[in-house]
Amino acid sequence: MQFFSRKIFLDGLGDEFIGLTGTLQSFLKFLNLAELGIGAAVGYTLYKPLFDDDRKSINQLITLFGFLYQKIGFIILGAGVVLSLFFPLIFDDLSVGLWIPYYAFYTFLAGLLLNFFFNYHLFLLEADQKNYIITSYAQSINLIKIILQAVTVLYFKNIFLWITLELLYHISFSFFLRKRVFKEYPWLESSTHSGKSLLKVYPELIKKVKQISIHKLGGFVTNGTDQILIFSFISVEMVAFYGNYQLIFSRLLQLVNTTFAGTAAGIGNLVAENDKTNIKKVFWEMMSLRFFIAGTLFMILFYLVEPFIVFWLGEKYVLKPMVLTIFLTNMFISQIRVPVDHFKDAYGLFQDIGAPIVQSIINLTSSIILLHYFELAGVLMGTLIAFSLVIMIWRPYYLYKHGFKESVWNYWIGFFRLTISFIISLFISRYLISNYIILQSSTLFELMIYGIKSFFTVFLIYFPCIYLLNKGFRNVMVRLKKLFK
């Protein structure tokens, strides 16, 4: 529905408006930095009480969390109002009226603030491996919203109604989710009045919040500033072009992440049990599985994205092959990094606050320099460089030294085997698809046939290759076999 609706929105509302909404969402990601990583810190501290069924501690943590989140909500509201005062300068080149960015921004801001004032309980669901509840409500209500927005654009072409439906989505989601939380946890106390007195009870939580806040800043600069840079140095229309490709990758990754929604909390419980042999076994199972998923997507999407864009939106929206390659590489890294991030967080290893600062400096500096030579591809190159140096090299070292407490060479040996499996499969698949699988036309049927043939080609090559070279993947297959039985 998101793909069909985006075509309708681009045709009915224009590239400029869609690019505008993407830019405003990036502004809100910046404001959301005020959250300071409290959610991640509380999630980390909830693993042990949930494992022990310590309801008193759980109530105290949620109370403290709600207290802090409400304070931050007011800070974000004030910062949002101040930012909006500069809209006449920021959006002076827009062809639409200035009321549109104002109304859209305050609508999106209201949706964000609902999370701080009403939805802070959702982190209990995530820590308790019940993220599927959040997903079911969010996706169901979102589906209804998209359908209504598409109808609004098709029949009325009314921007005001389109934006208003965004607000109604957030209100509905907050209402139903809050109701479900208290159904799942009838013993949960929601009062935040005693939150201030609990600050001294959990000094470790405040320490973790300070550390995680720096990591959130690094994550925002790496992932959240691309659209702002494109808007500032290229054009608001290019934000929409970028958003089309981003939608493809983000929806696919959302599908993958939804499938593995409970694994972060599961890893937290695994670390709480402190069975070192099982911890390492699960780590390599997760690494090999993510490698297999990321590699399969990389090899298939390399051939499918461009014809899909042509079929979906038209040749006008096709970007340079270099842009697609870097998009795919960043997507690949964003998947294979997940196990390291989850285990690092489960151990509470947030002390490396220098890493996200270095990551932010590398990303921004290289993106700004490279965009002058490669435009959009240059912005993505900056992200790739930051990913490679900090995410791929530093974080595994830090996890192995302070979490697993063993030599990082054990990681690189396993990583090398997984990488070799991917590279061998990539070259063989590329040769076969390029020479023997031809896309006859850009019709939906031909595109589906082409995709199916490409998928089976990649799968039949990559699966045996990664299976033979990696014990972690063989363990995954044993686990899945037992699960199906």
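The values are calculated or read from the model by the stated rules, or taken from the named source; none is laboratory data. Every value quoted in this text rests on a predicted model; they were computed, and no experiment measured them. In this analysis, Cβ positions are derived from the backbone assuming ideal geometry, glycine residues included, and neighbour counts consider all displayed protein chains. Side chains are part of the model used for accessible areas, which takes the heavy atoms of the whole protein and leaves out ligands, DNA and RNA. Shrake-Rupley method; radii C 1.70, N 1.55, O 1.52, S 1.80 Å.
What whole-number value in Å² describes the accessible area per residue of the chain for a 1.4 Å probe? Show your work: numbers first, answer last.
Numbers: 22530 Å² over 485 residues.
Heavy-atom SASA per residue in the chain reads 46 Å².
Can you pull the one-decimal nm distance between simple spin-label points at Phe117 and Met448, each 7 Å off the Cα toward Cβ?
4.6 nm
Given a cut-off of under 8 Å on Cα pairs at least six residues apart, what relative contact order in percent is computed for the chain? Let's see the in-between values first.
Details: 532 pairs, mean separation 93.8, N = 485.
Relative contact order, the chain: 19 percent.
Could you sort 326-334, 293-301 so that the peptide with the highest average Cβ count within 10 Å comes first and the rest follow in order?
Details: 326-334: 19.6, 293-301: 21.2.
Top of the packing list down: 293-301, 326-334.
With semi-axes √(5λ) of the Cα gyration tensor in Å defined as stated, name the option among (1) 52, 29, 21; (2) 36, 24, 21; (3) 33, 33, 22 computed from the structure displayed.
Computed from the coordinates, semi-axes √(5λ) of the Cα gyration tensor in Å corresponds to (3).
I need the Kirkwood Rh of the range 50-120: take the reciprocal of the average 1/r across all distinct C-alpha pairs and report it in angstrom. If you can, show how the numbers build up before the last one.
Details: mean 1/r = 0.0691 Å⁻¹.
14.5 Å is the Kirkwood radius here.
If you place +1 on the Cβ of every Lys and Arg, -1 on the Cβ of every Asp and Glu, and leave all else neutral, what size is the dipole of the chain about its Cα centre, to the nearest 20 Debye? Can you show the working numbers first?
Details: 41 positive and 28 negative charges, 329 e Å.
My answer is approximately 1580 debye.
Take each complete run of DSSP H in the chain, measure how far its Cα atoms stretch along the helix's own axis, and keep only those covering 18 Å or more with mean Kyte-Doolittle hydropathy at least 1.6; list them.
Details: long enough: 15-31 (24 Å, 0.63); 38-52 (22 Å, 0.64); 55-84 (42 Å, 1.07); 99-117 (26 Å, 1.24); 131-155 (36 Å, 1.02); 159-184 (38 Å, 0.74); 203-224 (30 Å, -0.06); 236-259 (34 Å, 0.60); 276-312 (50 Å, 1.05); 321-336 (23 Å, 1.49); 354-374 (29 Å, 1.24); 409-436 (40 Å, 0.84); 444-469 (37 Å, 1.72); 471-484 (20 Å, -0.08).
Qualifying helices: 444-469.
Answer rounded, prolate or oblate for the range 31-176, using the Cα gyration tensor with square roots of eigenvalues a ≥ b ≥ c: rounded when a/c is under 1.5, else prolate when a/b is larger than b/c, else oblate. Walk me through the numbers before you get to the answer.
Working: a/c = 3.56, a/b = 1.64, b/c = 2.17.
Oblate is the answer for the range 31-176, as a/c is 1.5 or above yet b/c matches or exceeds a/b.
So, taking all protein chains as they sit and a 1.4 Å probe, how much accessible area belongs to Glu375, in Å² rounded to tens?
Estimated to the nearest 10 Å², Glu375 gives 110 Å².
How much net charge surrounds Phe415 when only other residues with a Cβ under 13 Å from its Cβ are counted (Lys, Arg +1; Asp, Glu -1)?
On the way: positive: Arg290, Arg337, Arg395, Arg417; negative: none.
For residues surrounding Phe415, the net value is +4.
Accessible area of Arg395, 1.4 Å probe, to the nearest 10 Å²?
Around 30 Å² of this residue is reachable by solvent.
Sorted by accessible area with a 1.4 angstrom probe, largest first, how do Tyr467, Tyr373, Tyr169 fall?
From most exposed to least exposed: Tyr373, Tyr467, Tyr169.
Percent relative contact order of the range 323-439, based on C-alpha pairs within less than 8 angstrom and at least six residues apart? Don't skip to the answer; put the middle values down first.
Working: 79 pairs, mean separation 29.3, N = 117.
Relative contact order for the range 323-439 comes out at 25 percent.
Taking a threshold of 18 Å on the Cα-Cα distance, which of the pairs Lys344/Lys405; Lys56/Lys130; Lys7/Lys29; Lys207/Lys276; Lys207/Lys344 fall above it? Mind dumping the intermediate values first?
Numbers: Lys344/Lys405 12 Å; Lys56/Lys130 20 Å; Lys7/Lys29 25 Å; Lys207/Lys276 26 Å; Lys207/Lys344 16 Å.
The answer is Lys56/Lys130; Lys7/Lys29; Lys207/Lys276.
How much net charge surrounds Ile309 when only other residues with a Cβ under 10 Å from its Cβ are counted (Lys, Arg +1; Asp, Glu -1)? Display every interim value, and only then the final one.
On the way: positive: Lys316; negative: Glu306, Glu315.
Around Ile309, the charge tally is -1.
Just to make sure I understand: if all protein chains stay in place, what is the order of Met287, Met477, Met448 by accessible area at 1.4 Å, largest first?
Working: Met287 0, Met477 45, Met448 110 Å².
Putting Met287, Met477, Met448 in descending order of accessible area: Met448, Met477, Met287.
Could you report the accessible area of Trp284 in Å², rounded to 10, computed with a 1.4 Å probe on the protein chains as they sit in the structure?
50 Å²
Using Cα pairs under 8 angstrom and six or more residues apart, how large is the relative contact order of the range 1-154, in percent?
On the way: 92 pairs, mean separation 62.6, N = 154.
Dividing the mean separation by the residue count of the range 1-154 yields 41 percent.
Once label points are set 7 Å from the Cα along Cα→Cβ at both Ile90 and Asp11, what is their separation, rounded to one decimal in nm?
According to this spin-label approximation, the distance is 3.2 nm.
Helix-only estimate, please: 222 nm mean residue ellipticity of the chain, summing -39500 (n - 2.57) across DSSP H runs of length 4 or more and dividing by its residues, to the nearest 500. List each step's numbers first, then the result.
On the way: 22 runs with 386 residues, N = 485.
Roughly -27000 deg cm²/dmol at 222 nm, from the helical runs in the chain.
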